[in-house]
Amino acid sequence: MMMSRLANLKWTYAVGFVLWVLLGACAVSCVRDAPRPRTWTGAGSGDALVDAFFETPAENASWAWPRGFLGPQFAFWELSTDRLHDKLREEVRRDVRRRVASGEDVGDAKAEWFGFLPSYLGTIMPQAMEGHATEGHCYKEIGFEVDRSEEVGTELHLLFFLGDKREEIFEPCVETLVIFSGNGFKVLNFALGGAHKVTWDTKELTSDENWYLYERGLHVFLFRKGSWASIIRDAVRTASLFVPFATRDVNPFSERDNLAYLKEYQGIKPFMEPRDPARAASPLQLNSSLIHSGDFFGILRLDGLDPTLAWATGSTTGHTAVALMRPSVEGQGELHVCESTAKDAYWDTNGIQCTPYEVWLAKAQRAEHHVVWAPLAPEYRRKFNEVKAWEWFEQVEGLDYGYENMIFSWIDTVEMNYPCVPPKFDRCMSWILLEVLAIFYDRISTVVAQKMWLQALNKRVGTTGLSTLQVIRKFLEGRPQNEDKTLYLSELPTIPEQDDWTYEMFPNMTMTGPSMVCSVFVCRTWKEAGVFQEVGSNVNCGEFTPYDVHKLQIFDPSFDFPEQCDRSDESSDEGTRTCQIMGKYTLNLNDHNTVPLKEHMAEGCPSFPPKYEREKDC
């Protein structure tokens with residue numbers, strides 16, 4: 001049920017969520033609901049319990065991997081759904097038989113959003129002499145290195161050592177690790193301390209796989225939650241945030257969880273609070289003549305995706321749009337709301353589009369959007385050429401949402417743009433995890449890779465048609481000799497996106513044009529209309545996140561909002577005033593109208609949670 005639900009979500013969530021989930025819970029495709037931790041008791045082999053776990057909602061089943069289990073190693077060619085399902089099913093069956101016989105308890109841990117996020121422990125280089133030591137979930141020390149006491153042949157021999165078990169950990173406690181290289185991955189589960197030998201198959205490697213193994217090594221990741229039961233529970237709880245993404249409405253449970261998720265994971269104050277029910281019941285009936293071309297709309301839907309984008313980028317919005325008047329020879333034209341979005345359960349039009357204002361309000365209300373309006377300052381309204389803006393819109397109308405480069409507007413720095421999990425915010429995404437997942441997905445789904453990152457990576461190394469593994473090889477082979485490989489490779493996604501780059505669009509790859517997510521489209525509209533003329537053309541809108549858009553100091557700090565306008569941030573500084581026109585909860589634009597225009601802005605800005613502290617001009 002879980003995977004069928006995910007399959008209905010649009011590409012942004014489906015791919016983004018799976019990238020973070022698959023390595024941490026490769027068994028998710030086999031379950032239908034959250035397993036409930038319990039003690040296995042009773043006679044028999046336990047096969048019926050396994051069948052219940054895989055075939056029906058897991059009301060009466062839970063499991064953890066066997067103690068000391070060292071596998072399987074998956075090569076990419078093995079990763080069909082049936083093969084993966086069968087391998088996992090057999091391992092679970094063995095484990096259940098053991099637990100039925102012994103009556104062992106399966107430990108529990110509090111489920112948390114994105115709690116399955118693994119920590120990078122280190123890289124084993126096949127020819128290196130030194131090893132690694134770090135802390136684990138169950139053991140205070142985890143060490144790993146190449147075992148040089150045996151010949152290599154067609155296998156690498158690795159040693160893992162677990163020592164000094166934590167007294168406060170429940171029994172049985174399992175250390176769950178994953179080793180990854182360019183030709184596959186291996187799952188390791190240790191419940192016993194001491195030394196463990198692990199083999200890595202090196203037969204029949206391609207040239208690129210062999211290069212990756214000996215130049216980049218074997219990357220080791222640790223799942224801090226330990227048992228697979230806990231990891232899967234975290235994955236299921238995270239998926240529950242996104243349920244409204246597959247529905248027309250936002251259910252009250254997901255709404256509650258998304259509000260708590262934003263407050264706990266982001267920490268940007270003031271938090272969203274309930275509005276006056278009378279005001280929240282329907283959109284504010286503004287005189288549309290108050291809204292001018294170029295005015296900004298900040299939008300948030302409590303559907304999992306918008307809050308996650310806000311968490312990752314440090315914004316209080318997950319979507320943005322711009323007002324644009326359609327020119328008319330008969331006088332003032334009709335006001336439209338223009339945006340880059342996608343067709344899904346709650347929005348019926350795909351791609352770059354302009355919708356008449358009143359029609360858009362009705363659609364946004366049905367979708368349960370939270371919307372604030374921010375007028376441009378008079379000087380920028382005068383600069384805004386709505387004829388040029390509309391002509392440019394007609395050139396790009398209907399282009400697909402900008403999946404192809406959406407990651408690259410967000411990642412500006414080597415390590416300060418990746419979201420982290422509370423309470424310590426020390427368990428974070430990282431480039432090396434994205435590197436691993438990008439290679440993984442490129443090998444099992446070229447469609448996902450082409451749509452989400454591969455075209456953009458090729459542009460950054462001046463190539464076309466290379467795989468993720470080949471792009472990495474090409475980039476690293478050009479590095480200065482004294483540069484650290486991992487640090488240098490981490491700079492690859494930080495290379496600024498150029499507005500003149502064009503992409504082949506899905507689904508049929510026959511449409512070519514600029515790839516623009518919502519914030520990039522808003523910025524490009526302003527750029528084409530002349531808003532940035534004071535800094536010339538040296539602004540790459542492809543680098544703009546929603547935060548980068550609404551922080552620009554181009555809005556009117558003294559706009560005379562009408563009395564009925566609900567200014568949700570009226571207690572804030574004058575420069576940050578906006579008008580909320582829709583939504584059950586208050587929506588504030590953080591750092592709104594605070595950063596002056598400058599050349600090459602937004603190309604090197606950190607977004608590290610929970611406070612997202614940045615330099616004043618960033």
Consider THR355 carefully, then state whether it is touching an Asp or Glu at 6+ places or on another chain (Cβ under 9 Å) and surrounded by fewer than 24 Cβ atoms within 10 Å (Cβ to Cβ).
yes
Inspect the range 303-313 for any residue being in contact with a strand residue (DSSP E or B) (Cβ under 6 Å, 6 or more places away or on another chain), in contact (Cβ under 8 Å) with a residue 24 or more places away in the chain, part of a loop (DSSP other than H, G, I, E, B) and of a type outside the set (Phe, Trp, Tyr) and give the result as yes or no.
no
Conditions first: (1) of a type in the set (Ser, Thr, Tyr); (2) at pLDDT below 95; (3) within 24 Å of SER293 (Cβ to Cβ). SER572 passes all but one, so which condition is the exception?
(3)
Is the range 367-378 home to any residue that is crowded, with 18+ Cβ neighbours inside 10 Å and in a helix (DSSP H, G or I)?
no
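Quick test for you: out of LEU213, LEU177, LEU262, pick the one residue that is of a type outside the set (Val, Ile, Thr), outside the structural domain of CYS420 (by TED's automatic domain parsing) and outside any helix (DSSP H, G or I). Give the steps one after another, and end with the answer.
Working: LEU213 fails: outside any helix (DSSP H, G or I); LEU262 fails: outside any helix (DSSP H, G or I).
Being of a type outside the set (Val, Ile, Thr), outside the structural domain of CYS420 (by TED's automatic domain parsing) and outside any helix (DSSP H, G or I) holds for just one of LEU213, LEU177, LEU262, which is LEU177.
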In the range 216-234, which residues are touching a Gly at 6+ places or on another chain (Cβ under 7 Å) and part of a helix (DSSP H, G or I)?
ILE231, ASP234
Of the residues in the range 347-367, those that are touching a Pro at 6+ places or on another chain (Cβ under 8 Å) and among the aromatic types (Phe, Trp, Tyr) number 0
All positions within the range 282-336 that are crowded, with 24+ Cβ neighbours inside 10 Å, more than 17 Å from ILE407 (Cα to Cα) and among the β-branched types (Val, Ile, Thr):
ILE299, THR316, VAL322
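The values are calculated or read from the model by the stated rules, or taken from the named source; none is laboratory data. Keep in mind that what you see is a predicted model, and the values were worked out from it rather than measured. Backbone-built Cβ (ideal geometry, glycine too); neighbour counts: all protein chains shown.
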